[in-house]
Amino acid sequence: MLTLSAVSKNFGGLQVLDGLDMTVPEQGIFGLIGPNGAGKTTVFNLITGLLAPNDGAIEFYGQRLDRMAPHRITRCGVARTFQNLRLFREMTLSENILVALAAHPRSYALGALMPLRSYRAAERREAETAREFLAKVGLADKSEFLAGTLSYGEQRRLEIARALATEPKLLLLDEPAAGMNSAEKLLLMDEIVTLRESGLAMLIIEHDMRFIMGLCQQITVLNFGRVIAAGAPDEIRAHAEVIEAYLGRDETRSGSTL
Ligand SMILES: Nc1ncnc2c1ncn2[C@@H]1O[C@H](COP(=O)(O)OP(=O)(O)O)[C@@H](O)[C@H]1O
Ligand SMILES: [Mg+2]
C-alpha cells in the first residue's frame, strides 16, 4: 500500500535519511523503531508531506505522495498523530474532532444559509459523529470536556480519535504510548488491535518494546537514517546489530523487557 524507494533527506549538511527502502503492507501493523535521532519522525513528515525528500519516491496505492500537499495526502487516506501533541486545549473533545471532520472529503461543514431547524439537526448529527470517533478510543463520555483537562494518556488517545475522523486507510502513530502508565498502554494496545480488526493499516513508531513486539507483524529498525534490520518481531529480537544499536541500550535505560 505504501512504498518508500531510496528516500533520502538532509537538513543542511546533516544526512538524516540515506536511501531508505520500506514497504508497508495493506493489512496489519508495521513498526518503525530505532534510537532517538535515527530519523523516524522525519519518515512520517515525508509521508505526510510536511517535508519533501531530497531524493527517492513515496507511493501510496501507486500515487506519488512526495509531490502532494499535506491536505491532499490526508484525502488519499493517510492520517497521523504527532510525537508532541497538537491538540486545541481550549476546545472540547468534540470540537477537536469536528475540526478534523472539516478536512474530510465528504464535507461535514455546516451550511451558513441553512434553515435553523435543519442547521440544528445537522449540528446534532455532527455531535453524534464526533462521539462515535471518541468512542473508538474510550473517550465518548468526555466529549464536552475541554481537551486541556484530560490526562496525558487521554490526550494521546484524543489525537488518535482526531486522526480517525479523517477516515484513513493508513494511520501513522508517532510514539503513541509515550508518557503512559502500563494500564494505559494495555488499554491502548487493545484499542489498536480493534482498529486493526476493522481493516485499518497502521505504521507505529514506539520505544516500548513490549508494545511494539506485541502489536507488529513487521518491524523496520533505523539507525543513523539507514535500515539496519527488517523482519518479524522474532527476527528483530535475534538480530545482534539491533540489540547493540538500540534494544540493549533501551533495555538498560528504561528497564523494558523483550
Ligand atoms: N526540520 C528539521 N530541521 C533540521 N533538522 C531536523 C529537522 N527535523 C529533524 N531534524 C534532525 O534530524 C535527525 C532525525 O530526527 P527525527 O526524525 O526527529 O528522529 P527520531 O524521530 O528518530 O528521534 C535529528 O538529528 C534531528 O535533529
Ligand atoms: Mg521522533
Can you name the helices (runs of 4 or more DSSP H) wholly within the range 149-244 that have at least 1 residues being within 16 Å of ligand 2 (Cβ to nearest atom) and in the same structural domain as GLU128 (by TED's automatic domain parsing)? 152-164
Please specify each residue of the range 152-175 satisfying the condition of being away from ligand 1 (no atom under 16 Å from the Cβ) and either without any contact (Cβ under 8 Å) to a residue 24 or more places away in the chain or among the aliphatic types (A, V, I, L, M) (or both). GLU154, LEU158, ILE160, ALA161, ALA163, LEU164, ALA165, LEU170, LEU171
Of the residues in the range 45-91, those that are charged (D, E, K, R) and away from ligand 2 (no atom under 16 Å from the Cβ) come to ASP55, GLU59, ARG64, ASP66, ARG67, ARG72, ARG75, ARG89, GLU90
Would you be able to say whether some residue in the range 31-40 is in contact with a Leu (Cβ under 7 Å, 6 or more places away or on another chain) and on the phi > 0 side of the Ramachandran plot? yes
Within the range 11-29, can one find any residue that is farther than 21 Å from ALA161 by Cα, part of a strand (DSSP E or B), within 16 Å of ligand 2 (Cβ to nearest atom) and without any contact (Cβ under 8 Å) to a residue 40 or more places away in the chain? yes
Looking at the range 42-75, which of the residues that are touching a Pro at 6+ places or on another chain (Cβ under 9 Å) and in a helix (DSSP H, G or I) is surrounded by the most Cβ atoms within 10 Å (Cβ to Cβ)? LEU46
Please work out if PRO35 is at pLDDT below 95, within 19 Å of the chain's Cα centre (by Cα) and within 11 Å of ligand 1 (Cβ to nearest atom). yes
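The values are calculated or read from the model by the stated rules, or taken from the named source; none is laboratory data. Quick caveat, the model's predicted, so the values are computed rather than measured. When we count neighbours, we look across all protein chains shown, and the Cβ atoms used for this are built from the backbone with ideal geometry, even at glycine.
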